[in-house]
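Engineer: Questions regarding the structure given below will be posed in turn.
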Amino acid sequence: MQEPNTYDYDLLAAYIADKLTAEQVEEVKQRLANDVGFSRLYRQFLLIYKTHSGTESFDTEAALIKTRHKISANNSRSRFSYKLLLYAAAVTCLIIVSVGIVTMLGKKSGVETQWLSFTATDSIGHTQLGDGSKITLNKNSEIKYAANFGSQNTREVSLNGEAFFEVSSDKQKPFIVKTASTEIRVTGTRFLVSNQPGGDVMVWVEEGSVMVKQNKDENSVSLHKGEKALCKADSNEIIKTTGSGNEVFWVENRLSFYNTPLPDVISAIEKAYGCQIGIADSSIRQMRLTSSFTNEQADKVLNVIALTLGLRVEKQGQQFMLYAE
């Protein structure tokens, strides 16, 4: 059985909660009749829902115990993996609650737009949409998208927080990311969108190209591979620069530097690891670094930098200091 994506989880949760349109219900019924894996997932979801319906709060571990007990009592032959059961149970109950909250958010031509959401709280989250596009959400971030995602002329998602997008190419249906102040439009590419402190929005492109537009005055720029834009909330200005690639450290846990001035290196490390680094001698500020680091701790990164540039690194309390030898 192919691993189901989170669009399937969301779709089935909304179907069980009776939150889909007649057209969407028919789509689910057809898949249930023709897709063995999808049908098996539905039966698992339905068992979880029936076991826990009517509860106002949800304890995932308690749900696992209770659901497994019911499976055992019924001598079910369904194959439940712990990972699937844990994810399905949590997502089912969360979506059943959240769908009811966001159902009425949008109306067009008298037709209700029903919305689904995916949220990452204390860890990085991964989801895949119905068109095959993949989204990696940073901590404390959320995306929302229509339950009939992909059935219209555009593919739209709303973002609050930070996310890395790997968009499946479809020139007939542009993929649009909306924030409170900007709109990012693509057909197929890999890029990062981040809501910055103060309401600014940063967009960085790893592959392909995107169009970034401010909502208030239609100001826009086109970004290509390696470029980034900072959209200022206070002035509606869009500042276009060249990115370093380290904007996606939280996605890949990788830092890369090419002939980069030491102060810029330190700034990137501080942002990536949440640490403080001081330069004790002004004479070393003109040094440049070419190196890359993958899955390394902050102290290991700084030790390698010190060895490469002939410096000395010391940790003083919660701060690192770099000295000339």
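Engineer: Spelling out what I want: for every residue of the stretch 301-314, take phi, set θ = phi - 60°, compute 6.51 cos²θ - 1.76 cosθ + 1.60 (Karplus), and round to whole Hz; glycine and proline get x.
Structural biologist: Those phi angles translate into 4, 5, 5, 5, 4, 4, 5, 5, 9, x, 10, 10, 10, 10 Hz.
Engineer: Which whole-number percentage describes the relative contact order of the stretch 247-289, with Cα contacts under 8 Å and a sequence gap of 6 or more?
Structural biologist: Over the stretch 247-289, the number comes to 48 percent.
Engineer: Same structure again: What's the center-to-center distance, using Cα atoms, between the stretch 160-236 and the stretch 237-299 in Å?
Structural biologist: So the separation of the two Cα centres works out to 23 Å.
Engineer: Taking amide H atoms as placed 1.01 Å from N in the peptide plane, list the residues 5 or more away in sequence, or in a different chain, whose amide H sits under 5 Å from that of residue 215.
Structural biologist: 182, 183
Engineer: So, in nm, how far is label residue 22 from label residue 36 when the simple model puts each one 7 Å beyond its Cα toward the Cβ?
Structural biologist: My value for the distance between the label points is 3.4 nm.
Engineer: Could you order peptides 269-277, 139-147 by the average number of other Cβ atoms within 10 Å of their residues, highest first?
Structural biologist: Highest to lowest by the protection proxy: 139-147, 269-277.
Engineer: Restricting things to alpha carbons, find the Rg to Rh ratio for the stretch 130-192 using the Kirkwood radius for Rh.
Structural biologist: 0.92
Each reported figure results from applying straightforward, stated rules to the coordinates on display, with no laboratory input. Worth saying up front: this structure is predicted, and the values here are computed from it rather than measured. Note that each Cβ is placed from the backbone with ideal geometry, even for glycine, and that neighbours are counted across all protein chains shown.
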